[in-house]
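Written out below as structure tokens is the structure these notes cover.
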Amino acid sequence: MPDVTPLTDDEIMSADDFDDLGTIIVADPPQEGTPAGDDRPPPRSAPAAEPDEPPAHAKRKRGRPPGSKNEAPKRARIAVGIRADINAKVSMPLEVGGTIWAARDQLCGGVFLQQRPAIAEALTDIICESPDLVAWFTGPASGFMRYLNLAGALWPVVEMIGAHHVYHSVETPVMDHREMPAPATRAA
């Protein structure tokens, strides 16, 4: 077994790089039958390092159920009636918005209205792939359609208020007080 001598501080400081420090020799642990006069402590051997466990978020691929390797996640089956309901709920705001747009810009709004069925179908495909969105469109939150219907019914009133009071593009006809109908009289 070669004799290992420790380096002095001067030798360590004067070394240009690690190669100048020499080769480090690690002695094997003493075997049975070593000389009795050897009072040096046996060299320590580092315990065998076990690899760390991978982080929990890296154990499986996202979006795939545990146990599946290269299988694509299976889509939930959506009933035809539910799909038609979702398509109608998507189509309604598109139709209302497209009609308003076409009233202001016949060319662009008209093309949008022509494409509305294809746009609604594409949006329905996207919505049907998400269980959360399907639940929102079919669950208690689906009552938004009532409010959308109310907005559609109120829209002509809003347009008239804007035309009359904001844009001043509509004038109130002046009526002669002689042409006004007589108020109804009540029987006493």
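Since every read-out is calculated from the coordinates, none of them should be taken as a lab result. Being a predicted model, the structure only gives us computed values, none of them experimental. Cβ coordinates were reconstructed from backbone atoms using ideal geometry, including for glycine residues, and neighbour counts include every protein chain displayed.
Could you calculate the FRET efficiency of Leu148 with Ala48 from 1/(1 + (r/R0)^6), where r is the beta carbon distance between them and R0 is 45 Å, rounded to 0.05?
Values: r = 68 Å, r/R0 = 1.51.
So, using R0 = 45 Å, E works out to roughly 0.10.
Need one number: the % of Cα-Cα pairs in the stretch 80-166 sitting beyond the 15 Å mark.
It works out to 64 percent of all Cα pairs.
With r as the distance between the Cβ atoms of Ala118 and Ala163 and R0 = 30 Å, compute the FRET efficiency 1/(1 + (r/R0)^6) and round to 0.05.
For Ala163 and Ala118, the calculated efficiency is 0.40.
Would you mind ranking Met160, Met145 by Cβ crowding within 10 Å, fewest neighbours first? Working shown, then result.
Values: Met160 11, Met145 14.
Ranking Met160, Met145 by Cβ neighbours within 10 Å, fewest first, gives Met160, Met145.
Ordered by packing density, taken as the mean number of other Cβ atoms within 10 Å over each peptide's residues, highest first, how do 106-114, 119-127, 150-158 rank?
Per-residue Cβ counts within 10 Å, averaged per peptide and sorted highest first, yield 119-127, 106-114, 150-158.
Assign unit charges at the C-beta atoms only (+1 for Lys and Arg, -1 for Asp and Glu), then state the dipole size of the stretch 80-166 relative to its Cα centre in Debye, rounded to the nearest 20.
Computed charge dipole of the stretch 80-166: roughly 200 debye.
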